[in-house]
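J.: Got a structure for you, questions after.
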Amino acid sequence: MDLSVHTASPSLPFPHHSSLLFNSCSHSMLRLEYRSLYWKPLSWRQNRAIRAQSPNQTPNDGFVLDDVPHLTHFLPDLPSYPNPLQNSQAYAIVKQTFVSPEDVVAQRIVVQKDTPRGVHFHRAGPREKVYFKPEEVCACIVTCGGLCPGINTVIREIVCGLNYMYGVDDILGIQGGYRGFYSKNTMRLTPKVVNDIHKRGGTFLQTSRGGHDTHKIVDNIQDRGINQVYIIGGDGTQKGAALIYEEVEKRGIQVAVAGIPKTIDNDIAVIDKSFGFDTAVEEAQRAINAAHVEVESVENGVGVVKLMGRYSGFIAMHATLASRDVDCCLIPESPFYLEGQGGLFEFIEKRLKENGHVVIVLAEGAGQGYVAQSMHAADERDASGNRLLLDVGLWLSQKIKDHFTKVQKMAVNMKYIDPTYMIRAIPSNASDNIYCTLLAHSAVHGAMAGYTGFTVGPVNCKHAYIPIARVTERTNTVKLTDRMWARLLASTNQPTFLNCNEKLQEVDEEINNFKIPSI
């Protein structure tokens, strides 16, 4: 294919379309030959969007390939080898064993005629050539950040995938998060060791927040002869993975760094959803059902269920839609107010008069401004840089009780349920187990094929290799102007707590421009 490559000036952000927070319309572009791009230092090229044009495409079709780094970009003489999967009995029945380098996945699946085709990513899967001999591979796996259903499944399938598909025997588990690299906490992983860990919650390798010292970590990687690093964690962890990759490239060592994005909140950008999310929504139904049973059994019962969702309310929104027993859902993206016309108190009073009870689902990040103001709390953060949240569930329960007891002179029966740790600690369900297997295998195929500094995930239901910077540049949030939130409002018949379209647009723009805190 005849390629014409456009790339942004190194001093300017790379030219993604407008939804990616970068407005590059006014940036000057440099036209380079494809072969000249090959020998540029990877630090210059990484995460630059490549605009490829084939003879069959119109000049302005707007096809953009968001490329991922490859070991050969800074080790051009690295030899390749035939993929062992060509002799695999399992893959012998597959019509097309290997993914073509030309296969890409579109970020936008719905487009209009004569509009740009938009950003695309390399499709994940096994390649015909690999850049590691199985007997020379020394891989390691590390888990960082908070717990999430499915972590153990990912660990298990990375180990089994490396061993069963590629014949790799030397696999290490780094214990206790990033600190484990330089505190020398490791264990040998084999298919037998990890055989049944997917049936347990938590992480088999233990975890921690913070503790990221890039130079110490890469020193340890070199000392131990590790040449494949699999990092399971959220946005802060993936930023750390990007730093590790950059240091590896700077030193010019053959180490593939693969990220597997993890967050129970489903707030990772680009990918369809994060693993553990389906399990969390399913388990949240138990808490909502318990609250509903409790408040139905008493006079003027008010149930408050607090679910996960630091910056985004996906779990609360989906759990509400799935339950149909929820009267009101409050999320971080949608400000609400308590008193006055159209406020939460008025809505609760109306529902109590209509039904005799009310169930409220509350994301942990909702209403934090109100809580901090009333408690005069300082802005404190954890080791990962995340803001420490106050218990909005207890605060709201007390506010509701005080209002109806003192102002309305009406007794209410408050029931507050916080299932956070119960949800985080359970094993993943069947849907997430399958998803975790695909994530792990995609990461293994990518690392063996020589890709590095990448993360994996489904984009429009097709797994793809994505530059780490793309999934850490912003947080995925509930869009108040999208149909899913409209479906929730229609389902619960709750107020929007917003007075006009202009205010709604301001809230949505503020959410879209939210940046993830650095590690």
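J.: Counting just the residues of the stretch 437-453 that are crowded, with 24+ Cβ neighbours inside 10 Å and in contact with a Gly (Cβ under 6 Å, 6 or more places away or on another chain), which one comes out nearest to Val130 (Cα to Cα)?
T.: His445
J.: Every residue in the stretch 300-358 that is under 24 Å from Gly276 (Cα atoms) and acidic (Asp, Glu), please.
T.: Asp325, Glu333
J.: So which residues in the stretch 418-436 are touching a strand residue (DSSP E or B) at 6+ places or on another chain (Cβ under 9 Å), assigned to a helix (DSSP H, G or I) and open to solvent by 10 Å² or more (accessible area, probe 1.4 Å), if there are any at all?
T.: Across the stretch 418-436, the qualifying residues are Thr420, Tyr435.
J.: Okay, moving on. Could you check how many residues of the stretch 353-371 are farther than 21 Å from Thr420 by Cβ and open to solvent by less than 10 Å² (accessible area, probe 1.4 Å)? Give the derivation first.
T.: First, the residues of the stretch 353-371 that are farther than 21 Å from Thr420 by Cβ: 353-358.
With open to solvent by less than 10 Å² (accessible area, probe 1.4 Å) added as a condition, the list becomes 358.
Residues that pass the stated criteria total 1.
J.: Could you name every one of the helices (runs of 4 or more DSSP H) located completely within the stretch 226-342 that has at least 3 residues being in contact with a Gly (Cβ under 7 Å, 6 or more places away or on another chain), open to solvent by 10 Å² or more (accessible area, probe 1.4 Å) and outside the structural domain of Leu389 (by the TED database)? Walk me through it before giving the result.
T.: Numbers: elements: 235-251, 277-296, 314-323.
Helices (runs of 4 or more DSSP H) meeting the threshold: 235-251.
J.: Let me ask something additional. Step by step: first the residues of the stretch 185-207, then only those that are out of contact with any strand residue (DSSP E or B) (no Cβ under 9 Å at 6 or more places or on another chain) and in contact (Cβ under 8 Å) with a residue 12 or more places away in the chain, then the one that is most open to solvent (accessible area, probe 1.4 Å). Which residue is that? Break it down into steps so the answer makes sense when it comes.
T.: First, the residues of the stretch 185-207 that are out of contact with any strand residue (DSSP E or B) (no Cβ under 9 Å at 6 or more places or on another chain): 191-192, 195-202.
Now restrict to residues that are in contact (Cβ under 8 Å) with a residue 12 or more places away in the chain: 191, 195, 197-202.
Details: Pro191: 25, Asn195: 83, Ile197: 0, His198: 49, Lys199: 143, Arg200: 114, Gly201: 33, Gly202: 12 Å².
Once the filter is applied, the top-ranked residue is Lys199.
J.: Restricting attention to the stretch 73-90, which residues are touching a residue at least 60 places away in the same chain (Cβ under 8 Å) and either part of a loop (DSSP other than H, G, I, E, B) or touching a Ser or Thr at 6+ places or on another chain (Cβ under 7 Å) (or both)?
T.: Those that are touching a residue at least 60 places away in the same chain (Cβ under 8 Å) and either part of a loop (DSSP other than H, G, I, E, B) or touching a Ser or Thr at 6+ places or on another chain (Cβ under 7 Å) (or both): Phe74, Leu75, Leu78, Ser80, Asn83, Leu85, Ser88.
J.: Enumerate the pairs (first residue in the stretch 113-136 and over 27 Å from Gln254 (Cα atoms); second residue anywhere and among the aromatic types (Phe, Trp, Tyr)) with beta-carbon separation below 6 Å, excluding pairs fewer than 6 apart on the same chain, so at least 6 apart or on different chains.
T.: Every condition considered, the pairs that remain are Arg117/Phe63.
J.: Of the conditions (1) among the aromatic types (Phe, Trp, Tyr); (2) under 18 Å from Tyr131 (Cβ atoms); (3) within 30 Å of the chain's Cα centre (by Cα), Tyr91 clears all except one; give me its number.
T.: Tyr91 satisfies all of (1) among the aromatic types (Phe, Trp, Tyr); (2) under 18 Å from Tyr131 (Cβ atoms); (3) within 30 Å of the chain's Cα centre (by Cα) except (2).
Condition check ((1) surrounded by fewer than 16 Cβ atoms within 10 Å (Cβ to Cβ); (2) among the aliphatic types (A, V, I, L, M); (3) within 14 Å of Tyr451 (Cα to Cα); (4) out of contact with any helix residue (DSSP H, G or I) (no Cβ under 7 Å at 6 or more places or on another chain)) across all residues:
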position: Phe63; (1), (2), (3), (4): no, no, no, yes
position: Asp66; (1), (2), (3), (4): no, no, yes, no
position: Pro69; (1), (2), (3), (4): no, no, yes, no
position: His73; (1), (2), (3), (4): no, no, yes, no
position: Pro82; (1), (2), (3), (4): yes, no, no, yes
position: Leu85; (1), (2), (3), (4): no, yes, no, no
position: Gln89; (1), (2), (3), (4): yes, no, no, yes
position: Lys95; (1), (2), (3), (4): yes, no, no, yes
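J.: Then there's this: Can you report the number of residues in the stretch 106-124 which are part of a loop (DSSP other than H, G, I, E, B) and buried (at least 21 other Cβ atoms within 10 Å of the Cβ)? Reasoning before the result, please.
T.: Kept after step one, since they are part of a loop (DSSP other than H, G, I, E, B), are these residues of the stretch 106-124: 107-117, 124.
In the following step, the residues that additionally are buried (at least 21 other Cβ atoms within 10 Å of the Cβ) were identified as 107, 124.
Residues meeting the conditions: 2.
J.: Give all pairs with beta carbons closer than 6 Å in which a residue from the stretch 474-497 that is polar (S, T, N, Q) and outside any loop (DSSP other than H, G, I, E, B) meets a residue that is at pLDDT below 95 and open to solvent by less than 30 Å² (accessible area, probe 1.4 Å); count only pairs at least 6 apart in sequence or on separate chains.
T.: From residues that are polar (S, T, N, Q) and outside any loop (DSSP other than H, G, I, E, B), the pairs are Thr475/Asp267; Thr475/Ile516.
J.: Can you confirm whether Asn163 is assigned by the TED database to the domain that holds Ile217 and within 23 Å of the chain's Cα centre (by Cα)?
T.: Numbers: assigned by the TED database to the domain that holds Ile217: yes; within 23 Å of the chain's Cα centre (by Cα): no.
No.
J.: Only one of these conditions is not met by Lys415: (1) buried (at least 18 other Cβ atoms within 10 Å of the Cβ); (2) at pLDDT below 90; (3) of a type outside the set (Phe, Trp, Tyr). Which number is it?
T.: That leaves (2) as the condition not met.
J.: Might you let me know whether the stretch 131-151 holds any residue that is assigned to a loop (DSSP other than H, G, I, E, B), closer than 25 Å to Ser88 by Cβ and out of contact with any helix residue (DSSP H, G or I) (no Cβ under 8 Å at 6 or more places or on another chain)?
T.: First, the residues of the stretch 131-151 that are assigned to a loop (DSSP other than H, G, I, E, B): 131-133, 137, 144-150.
In the following step, the residues that additionally are closer than 25 Å to Ser88 by Cβ were identified as 131-133, 137.
Checking the rest, the ones that are also out of contact with any helix residue (DSSP H, G or I) (no Cβ under 8 Å at 6 or more places or on another chain) come to 133.
So far as the stretch 131-151 goes, yes, one or more of its residues are assigned to a loop (DSSP other than H, G, I, E, B), closer than 25 Å to Ser88 by Cβ and out of contact with any helix residue (DSSP H, G or I) (no Cβ under 8 Å at 6 or more places or on another chain).
J.: Starting from the stretch 154-183, keep only residues that are part of a helix (DSSP H, G or I), then list their pairs with residues that are charged (D, E, K, R) whose Cβ atoms are within a distance under 6 Å, requiring at least 6 positions of separation or different chains.
T.: Pairs that qualify, where the first residue is part of a helix (DSSP H, G or I) and the partner is charged (D, E, K, R), are Tyr182/Lys216.
J.: State all residues of the stretch 219-241 that are β-branched (Val, Ile, Thr) and out of contact with any Lys or Arg (no Cβ under 7 Å at 6 or more places or on another chain); if no residue qualifies, say none. Step through it out loud before you land on a result.
T.: Going through the stretch 219-241, the residues β-branched (Val, Ile, Thr) turn out to be 221, 226, 229, 231-232, 237.
Once the filter is applied, which keeps residues that are β-branched (Val, Ile, Thr) and out of contact with any Lys or Arg (no Cβ under 7 Å at 6 or more places or on another chain), the stretch 219-241 yields Ile221, Ile226, Val229, Ile231, Thr237.
J.: Of the residues Ala322, Ala372, which is at pLDDT 95 or above and of a type outside the set (Asp, Glu)?
T.: Working: Ala372 fails: at pLDDT 95 or above.
Among Ala322, Ala372, only Ala322 is at pLDDT 95 or above and of a type outside the set (Asp, Glu).
The values are calculated or read from the model by the stated rules, or taken from the named source; none is laboratory data. Worth saying up front: this structure is predicted, and the values here are computed from it rather than measured. Please note: Cβ atoms are built from the backbone with ideal geometry, for glycine as well, and neighbour counts cover all protein chains shown. Ligands, DNA and RNA are stripped out before the accessible areas are found, and what is left, the full protein with its side chains, is counted by its heavy atoms. Shrake-Rupley method; radii C 1.70, N 1.55, O 1.52, S 1.80 Å.
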